[in-house]
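Scroll down for the structure; my scribbles are underneath it.
Nothing in this text is a laboratory measurement; each read-out follows from the coordinates by a stated rule. All of these numbers come straight from a predicted model, not from anything done at the bench. No Cβ is skipped: glycine too gets one built from the backbone with ideal geometry, and neighbour counts run over all protein chains shown.
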Amino acid sequence: MNTIHDLWMRLRGLLRREAVEQELEEELRFHFDEQVRKFVEEGVPLDEAQRQARLEIGGEEQTKEECRDVRGVRFLENLGQDIRYGLRSLRKSPGFTLVAILTLTLGIGVNTALFTIVHGVLLKPLPFPQPERLVSLWERNVIDEGSFNPVSGGVFADWESQAKSFEEMALVGEDTANLSGDGGALPEMIGTRQCSHTLFPILGVQPALGRFFSEEDDRHGANGTVVLTYGLWKRRYAGDPAIVGKSILLDAQKYTVIGILPAWFDYPDARVQLWAPVHHEVSEMDMQNRGNHRFFVTARLKDGVTVGQASSELDAIQQRNHEQFPDELMGKGAQVVLLSENLVRGVAQPLYVLMGAVGCVLLIACLNVANLFMARVTARRKEIAVRAALGGSRWRIILAQVTESLLLTMAGGGLGALLAWATLHWLLTLRTDLPHAGSIHIDRLALAFTFALTIFCGVVSGLLPALAVTRSELLGPLKEESRGASCGKRRARLRKVLLTAEVALTVLLLIVGGLMLKSFAELRSMNMGCTTDNVLTMGFSLPDARYPTNPQIASFLEQMLVRVRAVPGVSRAGIVSVLPGGGHFMDNTFSIEGAPPLPAGQFLNAVLRGADPAYFTTMSIPLKRGRFFEDSDQRENGNAMVITESMVRKFFPDGDAIGKTLVIDWENKPRFEIVGIVGDVLSNLNQPAEPTMYLPINSGRFSYGSLVVRSDHGVTTLAVPIEKEIAAMDPNLAVSDVLTMEQRVGKSTATAEFDALLVLVFAALGLILAAVGLYGLLSYLVTERTNEIGIRMALGAQRSEVMRIMFVDGLRPSAVGLGLGLFAGGVCAQLIRSLLFGVQPLEWRVFAAVALVVFVISAGACTYPVWRAAHVDPMTALRCE
Amino acid sequence: MPEQGIDLPQGTLDLLILRTLALGSQHGWAISERIHQVSSKVLLVRQGSLYPALHRLERRGWIKARWGASENNRKAKYYELTKNGQKQLEAERSEWEKLAAAVAQVLEAS
């Protein structure tokens, strides 16, 4: 009851302000008149009575003010006043308002967008129940020091029978499949995964439709079953629920669709479109093999078991395992990491770097707006002094200033949210490599973040100048003005500090961006070891069901090459199992015939590729010794082998490799004679060349590969005629990734390029803001000191002397900021060391270039104000006040 | 000459106003006069404290205001005690009596 009454009174004070004021006025008037009447009745003359009444009653305005305070709406009234005042003064200087709002929009927008991504990718828990118990299991030190080696089927079986830390574990294997054309749809190649039937229960996911794999499905010889992702179901089967229970043709074999995954499910990434049971897909022998490391393992920890405990248990098991089977190629240990960490390995650090960069941009934006405000506050200091003299409290003046800056940042925050939405959309289309990309959008948390940023910016950029200008010298300006002395030193000093910080942050951004760009340039300039001009590539995979025997595969490949070479415009064509830059992909252990046997537990290992005779000349891979393959090597049991220079260096350091025989560790121990040595090509742009051996593509191991086609010009126009030729041979065979070599290289470096450019764009923005700030500061200083300059010149100072003084004054904040920024850049460069390729963190050229750019821009920003200072006419200057 | 008097300690003004209004509704000036008279011209309530106090009591709902005609037929704002005000008066009064008695006891003891 009382609260309602109280609220009513307050509301009345706020909404019926005029009436309430009127009543107060009347009430006090009545009091005064009564007092006068009393004195008159006591016999005092009217004049004297009025005088006495006034004396006795005291200040009427003060009483009114106190009564207004009692109404309890004082704060709101002031706020309304401040907002009106703020809007008025912002409208008065549209240029300032525009620059400030744009700056803040930019800062807040990119921060919100990046925060949304970082939150979605790195901070949000996985969308599975009890995600803190989901882990990823790895072998370590299989060949070298690597601690994230995929797991072989045999090792997995060992772990499953021995490890006690896990409720359940599951295998996941990568694959692609040819989805045959049906009902008029074209055949297509899709990314698939094989998994144990335990995977979905481990993750705790429920099917959107149908069911997941049972133990019976996950068996060799069972009927083929698949689970579709929601995306594939919607796209290819128009979301038809009747597809469950029907058959589809996958690599020319029948599979029954048994279930559909929910729409939010994008594990391990959004590119996977279909799942099949692993035991059905992979031969029993491969599932028991300890040396074929091809699977990823996901598991759920038992309640109460920590990742550390599980990791040491598994490590011990694998160490014993390794000692027990020294002849097997397998990890000398194992490790367990959280699934959530595993999924973002490799993307976390670049994201944090970008987040840091946009954080810097926001700080720069805030400092810049604070600086702009500082200039305005300074220009208005007489007005502020007058307000203070008339009784405006310091608190009140500060509040007015902060209100004004909050108005600006609110506008910036609103626009920033829009910008964030657009930026996010753009970033996500460019960065498809990010996990959970599909589920990232601007949500309530992101908006709350925007709001917090807005308030932060408003308070920082409003409070700093307000505190500075109201500190202890409110009345100073009134006194200063009369003397025309150089004044406001403290304010200039604060502006210089702000500017120094701005320059330092900019330099930091420039250095990080510069290093990343240099690193990207190094990556791009890496010599692949083959030509990338006018080469068209396309991937294919021949389904076992329709090409069960080696002669069938061989004849298909042979016929394909004949047809492709006949297409007008094709100058050369070849086939390789894995393209340069296509990753490590496949390796094998081998022994050298005639060499002393290796101690147990040691292996010779090299990357393995299949190629046809024309591949090397098509790609311009140079022959170093011996010969390329010849057509006669391509027969079924051909035993010619070509190896790379780095393989010679590693395994034949002091002898001729040509003519030596290698035995590859397959079941039938095939022997290959080295007939040629060719130049190295890179498997990964950011890694040194790996020792590689090439076998003839028709040797029976390669039912998949890439066609490479060379033309004198316009190779992309050949794509359609070539695809038609292949379709004519097998209408159900889909080719994948029809790309030129240039495009492939571009794709593999796109992320590095993207990150580097983004940071540099931010740095450039910072630089522009800092230049504007510097120009503003120096213009201000010149105006402030016009008088002083006039006196100096009147007393005989030379123009050059004046210019020197002003230049030094203007450049000092830049120089200090530059020094601080270079130092901070050096520190940060060490932190991002692992992101850099081919660049030392303290690459002096980057630091020197940044220093030069910042110096030139600073000097440029100073030029005009300094020129103006030097052309001050002493007489005008002295008269102007 | 302005009359001299003792300024009231914080908080007692509310009690005096409530007590005065317990006799019947009054306008502000009459309240200050009444307190002045009854206290034998010792207590002086200035306009600067009277009206903020009246408005505060009104906001709390202990008194309510209405406009009426004064003795010489002028429009004046009359305050009267509400039920809550009555309770508040009793509470504050017993509080005050306790305090006064305690203070007196301490002073006499020494």
Taking amide H positions as placed in the peptide plane 1.01 Å from N, state which residues far from A:Thr192 in sequence (5 or more) or on other chains have amide H under 5 Å from it.
A:Asp175, A:Thr176, A:Ala177, A:Gln273
Calc'd 3J(HN,Hα), region A:553-570, phi into Karplus 6.51 cos²θ - 1.76 cosθ + 1.60 (θ = phi - 60°), Hz, glycine/Pro = x, comes to 4, 4, 6, 4, 5, 4, 5, 4, 5, 4, 5, 5, 5, 7, 5, x, x, 7
Radius of gyration, Dmax [region B:12-109; alpha carbons; angstrom]
14.7, 54
For A:19-31, mean number of other protein chain Cβ atoms within 10 Å
4
Rel. contact order, % - alpha carbon contacts under 8 angstrom, at least six apart, region A:150-330
35
I want the antiparallel fraction of DSSP beta bridges within chain A, as a percent rounded to 5.
80
For region A:1-140, what ratio Rg/Rh do Cα atoms give with a Kirkwood hydrodynamic radius?
1.40
When all Cα-Cα pair distances of the protein assembly as shown are considered, the percent exceeding 51 Å is 48
Given all pairs of different Cα atoms, what value in angstroms does the Kirkwood hydrodynamic radius of region A:334-469 take?
17.8
Tell me which of B:Thr12, B:Ser32, B:Ala104 sits at the most positive position along the dipole axis of region B:12-109, charges placed on C-beta atoms (Lys, Arg +1; Asp, Glu -1).
B:Ser32
Interchain or long-range residues, amide H under 5 Å from A:Leu542's placed H
A:Tyr704
Determine ³J(HN,Hα), in whole Hz, for all residues of region A:859-874 in sequence, where each value follows from phi through the Karplus function 6.51 cos²θ - 1.76 cosθ + 1.60 and θ = phi - 60°; x replaces Gly and Pro.
4, x, 5, 7, 4, 5, x, 5, 4, 5, 4, 6, 9, 5, 8, x
Report, as an integer, the average count of C-beta atoms from other chains found within 10 Å of each Cβ along B:77-88.
1
Would you tally the net charge around A:Val307, using a Cβ to Cβ cut-off of less than 10 Å, leaving A:Val307 out, and scoring K and R as +1, D and E as -1?
-1
Treating the beta-carbon of each Lys and Arg as +1 and of each Asp and Glu as -1, no other charges, what is the dipole magnitude of region A:79-189 about its Cα centre, to the nearest 20 debye?
1540
Once you charge only the Cβ atoms, +1 for Lys and Arg and -1 for Asp and Glu, what is the size of the charge dipole of region A:2-72 about its Cα centre, to the nearest 20 debye?
360
So, in Å, what gap is there between the alpha-carbon centers of region A:35-66 and region A:603-648?
115
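When N is the residue count of region A:547-729, what does its C-alpha Rg come to as a fraction of 2.2 N^0.38 Å?
1.07
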As an exercise, identify the GluC sites (Glu not before Pro) in region A:651-758 lying in DSSP coil whose Cβ has no more than 13 other Cβ atoms within 10 Å.
A:Glu667
Note down the nm distance, to one decimal, between modelled labels 7 Å out along Cα→Cβ at A:Asp240 and at B:Ala102.
8.9
Cα centroid separation - region A:503-521 against region A:399-426, whole Å
27
Determine the calculated [θ] at 222 nm for chain A from helices alone, applying -39500 (n - 2.57) to every DSSP H run no shorter than 4 residues and normalising by the residue count; nearest 500 deg cm²/dmol.
-18000 deg cm²/dmol
Proximal aspartates and glutamates to A:Lys724, defined as alpha-carbon separation beneath 14 angstrom and excluding residues fewer than eight positions away on the same chain
none
Once phi is turned into θ = phi - 60°, what whole-Hz ³J(HN,Hα) does the Karplus curve with 6.51, -1.76 and 1.60 give for every residue of region A:670-679, x standing for Gly and Pro?
x, 9, 10, 9, 6, 10, x, 10, 10, x
Dividing the alpha-carbon radius of gyration of region A:150-330 by 2.2 N^0.38 Å (N being the number of residues), what value is obtained?
1.11
If R0 = 60 Å, then A:Glu593 and A:Leu445, at their Cβ-Cβ distance, give a FRET efficiency to the nearest 0.05 of 0.40
Name the lysines eligible as straight-distance cross-link partners of B:Lys77: C-alpha to C-alpha under 29 Å, and not fewer than 8 places from it in the same chain.
A:Lys38, A:Lys64, B:Lys41, B:Lys64, B:Lys87
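Relative contact order for chain A using alpha-carbon pairs under 8 Å, separation at least 6, rounded to a whole percent?
Dividing the mean separation by the residue count of chain A yields 15 percent.
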Which percent of Cα-Cα pairs in region A:2-72 sits in each 5 Å bin, short to long?
3, 15, 20, 18, 13, 11, 9, 6, 4, 1
Roughly how many debye, to the nearest 20, is the charge dipole of the protein assembly as shown about its Cα centre, given +1 on each Lys and Arg Cβ, -1 on each Asp and Glu Cβ, and no other charges?
4000
Could you give the distance between the Cα centres of region A:81-130 and region A:278-357, to the whole Å?
42
Which lysines, on any chain, are close to A:Lys332 with Cα under 22 Å apart, when same-chain ones fewer than 8 places away are left out?
A:Lys164
Under-5 Å amide H pairs with A:Gly333, H placed in peptide plane, nonlocal only:
A:Arg140
With labels modelled as points extended 7 Å from the Cα through the Cβ direction, what inter-label distance (nm, one decimal) is found for A:Glu673 paired with A:Gln206?
6.7
